[in-house]
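The structure appears right after this line, and notes come after that.
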Amino acid sequence: MNVFKTILLVTLLLLPNFSRAENVYEEKTRLLSQHLRCPICNGQSLWESQSPIAFDIQKLIYQKLSSGQSEKEVIDFLYERYGDAILMAPGVRKDTFFLWMFPILLLLGAGFAVYIFIKKQDKNSS
Amino acid sequence: MLHPKKYVPFLLFISFCLFLGYSVFIPSKNNPKSLVLKSVSLPNVFGGDLVNITSFEDFYLIHVFATWSPLCEMELETIKKIAQHKVSVVGIAYKENPRDVLNFITKKGNPYSRIGASTNGSIGVELGVSGPPETLVMKQNKVIYRFKGPVLESDIKQIILPLKNKGEKA
């Protein structure tokens, strides 16, 4: 009897795992909307945003993915309509090159300044 | 006299500020890619058949509005002025009951050539709209300019009419 109870308990505990219908497109929509930006709340992804338009776009992404469109097709569709603002990371292009390079330039510049500073101090102390 | 080393960092700082200021004060083109719309039809606010939003005229505006948005209510006077310049304005009632729109325009006047209703707002994503009010300037069913937020009265002379006239010459 005890064994039977244990088996029953374990089965019941596992049940939620089996019954959870894994929807592939739901997961895909989540991943994709984490890489797309909400058009009205700057800095938030579609997934984080609570704005109505973010929900609308997620709904559309889900519909498009589940109707067999590829992720690239969905991104292109949205990019055509919302432009760079929809991408969390706009690509490296001629006009965004400086934007991407700026942190590196800043780091190099600051490193150079520190180098000069230390060299000068060395000279002074010796 | 100041040693160059003393003011070079300052000059660098000033030029960096000017560079940042440039990107703030020069308005960016809010027209990332010209979107061409295929024929879009929506339920007519006045009832009856579907109303065609696109393929309307050579040059027209699509105004996405909602009566629950106070900005749109204020903007209606500007839309009336645009209509006086012989520019057709197609209205899209965004996320609301067609009945509310009817009440709204019978009370305040109707500058629109046609009004389509998008009760669930699904047309918004199709047009790349983030929320009302938003106005698309259309040329041969191509989105050539986008006003996010209300159109100002000064925009008629500065943006809309030049776009219209430029198209006529070409």
(request) Could you grab the pairs with beta carbons closer than 7 Å, sequence gap of 6+ or different chains, first residue in the range A:56-77 and among the β-branched types (Val, Ile, Thr), second one outside any helix (DSSP H, G or I)? (result) A:Ile57/A:Leu46
(message) So for the range B:41-55 (the condition being of a type in the set (D, E, K, R) and outside any strand (DSSP E or B)), does at least one residue qualify?
(response) yes
(request) State which residue is modelled with the highest pLDDT when the search covers only the range B:29-56 and only residues that are away from chain A (no Cβ under 14 Å) and exposed (fewer than 12 other Cβ atoms within 10 Å of the Cβ). (result) B:Leu50
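Looking at B:Gly124, B:Gly131, which one is part of a loop (DSSP other than H, G, I, E, B), within 14 Å of the chain's Cα centre (by Cα) and within 14 Å of another protein chain (Cβ to nearest Cβ)? Spell out the reasoning first.
Working: B:Gly124 fails: part of a loop (DSSP other than H, G, I, E, B).
Among B:Gly124, B:Gly131, only B:Gly131 is part of a loop (DSSP other than H, G, I, E, B), within 14 Å of the chain's Cα centre (by Cα) and within 14 Å of another protein chain (Cβ to nearest Cβ).
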(message) Residues to consider are B:Ile115, B:Ile160; find the one that is assigned to a helix (DSSP H, G or I), away from chain A (no Cβ under 14 Å) and buried (at least 20 other Cβ atoms within 10 Å of the Cβ).
(response) B:Ile160
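Going by the structure shown, is A:Ala113 more than 23 Å from B:Ser34 (Cβ to Cβ) and facing chain B (nearest Cβ under 10 Å)? It would help to see each step written out before you state the result.
On the way: more than 23 Å from B:Ser34 (Cβ to Cβ): yes; facing chain B (nearest Cβ under 10 Å): yes.
Considered against the rule, which asks whether it is more than 23 Å from B:Ser34 (Cβ to Cβ) and facing chain B (nearest Cβ under 10 Å), A:Ala113 comes out as yes.
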(message) If A:Val92 satisfies all but one of (1) closer than 23 Å to B:Leu35 by Cα; (2) within 14 Å of another protein chain (Cβ to nearest Cβ); (3) outside any helix (DSSP H, G or I), what's the number of the condition it fails?
(response) (2)
(request) Only one of these is in a helix (DSSP H, G or I), of a type outside the set (Phe, Trp, Tyr) and modelled with pLDDT of 90 or more: A:Leu108, A:Leu99. Name it. (result) A:Leu108
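Residue-wise test of (1) touching a residue at least 60 places away in the same chain (Cβ under 8 Å); (2) more than 30 Å from A:Ile86 (Cα to Cα); (3) touching a Ser or Thr at 6+ places or on another chain (Cβ under 6 Å).
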| site | (1), (2), (3) |
| --- | --- |
| B:Ala93 | no, no, no |
| B:Asn103 | no, yes, no |
| B:Ser113 | no, yes, yes |
| B:Ser118 | yes, no, no |
| B:Ile123 | yes, no, no |
| B:Val137 | yes, no, no |
(request) Select from the range B:142-152 the residues that are surrounded by fewer than 18 Cβ atoms within 10 Å (Cβ to Cβ) and out of contact with any Asp or Glu (no Cβ under 8 Å at 6 or more places or on another chain) and write down the one among them that is modelled with the highest pLDDT. (result) B:Leu152
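The values are calculated or read from the model by the stated rules, or taken from the named source; none is laboratory data. Everything numeric in this text was worked out from a predicted model, so none of it was measured. Glycine also receives a Cβ, built like all others from the backbone with ideal geometry; neighbour counts cover every protein chain displayed.
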